[in-house]
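Here's the structure we're looking at; comments come further down.
Every number in this text was worked out from the coordinates using simple rules, so none of it is lab data. Note that this is a predicted model, so its numbers are computed, not measured. Ideal geometry is used to build each Cβ from the backbone, glycine not excepted, and the neighbour counts take in all protein chains shown.
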């Protein structure tokens with residue numbers, strides 16, 4: 001292809017709202033154009049990248065035995081009501097009505113539709129296992145879309161769904177998909193980790209995320225350098241300390257802490273380590289009647305060490321909080337504790353509350369917490385002596401670097417990542433409520449054991465850029481680049497020899513299936529090179545009169561600091577060798 005026939009629209013400056021490198025560079029390279037908040041047009045240069053992502057995903061999914069179909073973007077709400085997700089999904093689910101006032105949704109995912117297909121089409125165990133996938137537009141009404149296509153509202157995903165006879169078979173399908181995902185991401189040339197993950201709104205018992213390693217990643221990846229253990233922050237377990245609880249060595253003292261409402265401020269005032277303080281987090285659960293009216297509210301006090309952070313996913317698994325919780329209101333807090341947040345604690349509450357202590361806090365002695373009175377904290381607090389033991393002990397916190405690995409093979413480290421894929425064993429989460437069954441070998445109906453497997457098609461290029469860029473622009477891996485090779489002829493409009501050599505090389509590479517572009521725009525060399533460094537084409541050949549006279553052309557990989565001289569007659573073979581490597 002020739003550049004004059006293509007659409008190239010590079011920019012010198014990124015838009016002011018572009019916060020991360022991928023958003024800045026994709027916009028400057030003319031790959032995406034913003035249409036609205038979280039909604040982007042994929043321009044020709046960016047669309048070529050997307051099509052390459054899709055092609056590799058299709059090849060590996062087909063190789064793994066999955067079969068492609070295409071499910072609609074607009075889905076009837078009845079299916080989502082059957083599964084129970086129409087009301088439970090939250091405001092991210094875009095709901096709409098047609099002219100007949102019937103409810104529909106714009107799909108964020110397709111579990112309900114594929115389950116409906118399964119119950120209609122898969123009648124017998126003889127038709128199993130089965131794996132169906134599609135590549136389709138999705139929409140999630142993000143409250144705060146940001147980072148360009150990394151967290152947009154409209155995006156493209158590949159989602160696959162497996163149907164099996166039993167849980168063992170479902171886990172085999174899951175492992176087959178895990179292997180296919182590794183093959184996909186290996187082909188993209190990305191550094192990634194597969195980590196244990198929480199299943200979130202999709203549901204299911206077993207799930208794994210595939211995270212591209214990048215310093216700008218939103219997600220924290222927890223791993224053990226001495227073993228294969230890896231999990232995302234939501235899933236990583238914080239082990240209980242192996243030591244017993246120390247004996248009390250300090251008296252309980254109500255200590256003035258004027259104006260110090262945070263653990264950090266109290267620790268600084270008292271000149272003690274932050275780890276000796278305990279923060280109080282107040283939650284509430286509501287019991288409602290058949291009409292949705294709240295008939296009873298239970299207030300909960302969660303205790304976490306002052307230098308630790310609460311993990312909301314783990315909290316949501318605590319018995320009593322697992323049906324749903326919210327943060328208590330200030331009036332509720334004052335009613336139960338007698339003071340506003342900042343000086344709360346478990347000693348001397350006005351009304352009974354349920355106390356849940358993090359594993360670490362349950363084994364602390366001589367700790368510090370709020371005294372339920374403004375400007376005062378208790379020091380020297382001890383379980384058993386000063387207050388009864390907690391109602392429950394649970395893992396409530398995010399792990400930190402240096403925590404013991406749950407597999408017992410070392411300590412934990414943390415790095416940043418960008419989620420590009422997620423696989424789940426769903427079990428019967430959708431098949432049971434939607435009555436999706438097949439006739440098993442004994443002639444009895446059984447619900448399908450299902451799996452779900454997603455890849456963020458439009459997120460993946462952004463993740464790749466976060467991992468592969470420099471001050472000049474994008475550095476695409478070969479498999480993702482919009483063009484693999486760019487030929488830059490200097491003075492092509494003034495030299496028949498340059499023009500002929502450039503055309504000859506272009507035609508030879510194209511005939512061999514190389515994705516090559518000839519830049520015939522008559523740009524100055526500096527502007528031409530700057531464009532292709534910004535766009536990130538990995539292999540560049542420069543042809544000039546001077547080079548042809550000396551029998552040398554210049555080759556430069558996008559990561560190279562300088563060009564390499566290659567004999568003109570050997571350039572095609574040289575390039576093919578580099579592409580094979």
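Starting from the Cα-Cα distance between residue 552 and residue 272, subtract it from 0.36 nm times their residue separation and give me the gain in nm to one decimal. Could the numbers behind the result be given before it?
Working: separation 280, 0.36 × 280 = 100.80 nm, distance 7.01 nm.
Separation in residues times 0.36 nm, less the Cα-Cα distance, equals 93.8 nm.
Just so you know, the averaged projected area of the alpha carbon convex hull for the chain sits at 34.1 nm².
So for the chain, averaging the separation of alpha carbon pairs under 8 Å that are six or more residues apart and normalising by length, what relative contact order in percent results? Don't skip to the answer; put the middle values down first.
Details: 1214 pairs, mean separation 97.8, N = 581.
Reported relative contact order: 17 percent.
Note the direction-averaged projected area, equal to a quarter of the hull surface, for the Cα convex hull of the stretch 90-133, in nm². So the Cα hull casts an average projection of 4.5 nm².
Contour minus end-to-end for residue 183 and residue 167, with contour as 0.36 nm per residue of separation and end-to-end as the Cα-Cα distance? Let's see the in-between values first.
On the way: separation 16, 0.36 × 16 = 5.76 nm, distance 2.44 nm.
Length gained between residue 183 and residue 167: 3.3 nm.
Between the C-alpha center of the stretch 83-119 and that of the stretch 409-465 there is a gap of 19 Å. With respect to the chain, whose longest principal axis is taken over its alpha-carbon atoms, helix 167-187 is tilted by about 50°.
Past the 20 angstrom mark, what percentage of all C-alpha to C-alpha distances in the stretch 149-274 do you count?
Numbers: 5257 of 7875 pairs.
Tail fraction, whole percent: 67.
Just to be sure I understand the curve: with the Debye formula and one point per C-alpha of the stretch 483-580, what is log10 I(q)/I(0) at q = 0.16, 0.20, 0.21 Å⁻¹? The calculated log intensity ratios at q = 0.16, 0.20, 0.21 Å⁻¹ are -0.59, -0.97, -1.09.
Rounded to whole Å, give me the distance from the Cα center of the stretch 493-558 to that of the stretch 343-378. Here the two parts' Cα centres lie 70 Å apart. Computed extension gain for residue 16 through residue 375, at 0.36 nm per residue and net of the alpha carbon distance, reaches 124.9 nm. Here 418, 571 are placed in order of increasing Cβ neighbour count within 10 Å, fewest first, which gives 571, 418. Taking the number of Cβ atoms within 10 Å of each Cβ as an exposure proxy, the fewest-first ranking of 344, 120 is 120, 344. Rounded to the nearest 10 degrees, the inclination of helix 111-121 to the longest alpha-carbon principal axis of the chain is 80 degrees. State whether the stretch 61-205 is rounded, prolate or oblate according to the following rule on the C-alpha gyration tensor (a ≥ b ≥ c being the square roots of its eigenvalues): a/c under 1.5 gives rounded; otherwise a/b larger than b/c gives prolate, and the remaining case gives oblate. Note, shape of the stretch 61-205 comes out oblate.
Looking at the stretch 253-394, the DSSP beta bridges with both ends there are about 70 percent antiparallel. Among 412, 396, the order by Cβ neighbours within 10 angstrom, fewest to most, reads 412, 396. Over the stretch 253-394, Cα pairs under 8 Å with separation of 6+ residues give a relative contact order of 27 percent. Dividing the Cα radius of gyration of the stretch 253-394 by its Kirkwood radius returns 0.98 for Rg/Rh.
The angle between the Cα long axis of helix 496-511 and the longest principal axis of the Cα atoms of the chain comes to about 60 degrees, rounded to the nearest 10.
Which percent, to the nearest 5, of DSSP beta bridges fully inside the chain are antiparallel?
80 percent
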